[in-house]
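Any read-out appearing in this document is the output of simple, stated calculations on the displayed coordinates, not a laboratory observation. Bear in mind that the values here come from a model prediction, so they are computed numbers and not experimental data. For neighbour counting, all protein chains shown are included, and Cβ atoms are generated from backbone atoms with ideal geometry for every residue, glycine included.
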Amino acid sequence: MEKWFNVGKIVNTHGIRGEVRVVSRTDFPDQRYKTGNKLYLFLPKADEPLELTVKGHRTHKNFDLLMFEGYENINLVEKFRDGILKVPQSQLAELEEDEFYYHEIIGCLVATTKGEELGKITDILSPGANDVWVVKGKGGKEILIPYIEDVVKKVDVKEKVVLIEPMEGLLS
């Protein structure tokens, strides 16, 4: 059975030419949204995903805008709203050392190099120069861990464990 990975969620249409507004959930938007690439749309009430071929991609404000071949009209894409764009595992490329897919990081247990368990990674933010890993700590407190060499010392996606060396003020 094929395993699927989220690329983004269609949250609205944009204009009248069939563009859709996507909240992206991928580290590789240029690769995923490249013209000719295949994405699979999972709609809330559909039994099967709809295969879509990317016709165009651009960014606007904080969104990725996509157009799909054969869907060049707002009336054809309105029904895509709230759909999730995914790719099959077979489309995932091999990554360089110290590069990870979101699904490999989310769910990892975070501990300090001194052995103190902090919690599990629940989300990844990409605000700018580096990713920020959101850790749900004890009592529901969120801890934001910058994915930088000075802080993240070891990532073991097979064991689902991340070791960090907290910088001053990070855990307070």
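Values as computed for the structure displayed
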{"quantity": "Residue among Val20, Val110 that is under 30 Å from Lys158 (Cα atoms) and of a type in the set (A, V, I, L, M)", "calculated": "Val110"}
{"quantity": "Odd one out for Ala46 among (1) among the small types (Gly, Ala, Ser); (2) closer than 12 Å to Lys86 by Cα; (3) surrounded by fewer than 18 Cβ atoms within 10 Å (Cβ to Cβ)", "calculated": "(2)"}
{"quantity": "Tally, over the stretch 64-100, of residues that are farther than 16 Å from Leu50 by Cβ and assigned to a strand (DSSP E or B)", "calculated": "2"}
{"quantity": "Subset of the stretch 49-72 that is of a type in the set (Phe, Trp, Tyr) and closer than 16 Å to Val11 by Cα - its residue that is surrounded by the most Cβ atoms within 10 Å (Cβ to Cβ)", "calculated": "Phe68"}
{"quantity": "Top-ranked residue of the stretch 148-172 - restricted to ones that are of a type in the set (Lys, Arg) and in a strand (DSSP E or B), ranked as nearest to Tyr101 (Cα to Cα)", "calculated": "Lys154"}
{"quantity": "Residue in the stretch 106-113 that is small (Gly, Ala, Ser) and closer than 30 Å to Leu171 by Cα present", "calculated": "yes"}
{"quantity": "Residue in the stretch 17-41 that is farthest from the chain's Cα centre (by Cα), counting only those that are crowded, with 21+ Cβ neighbours inside 10 Å and under 15 Å from Gln89 (Cβ atoms)", "calculated": "Leu39"}
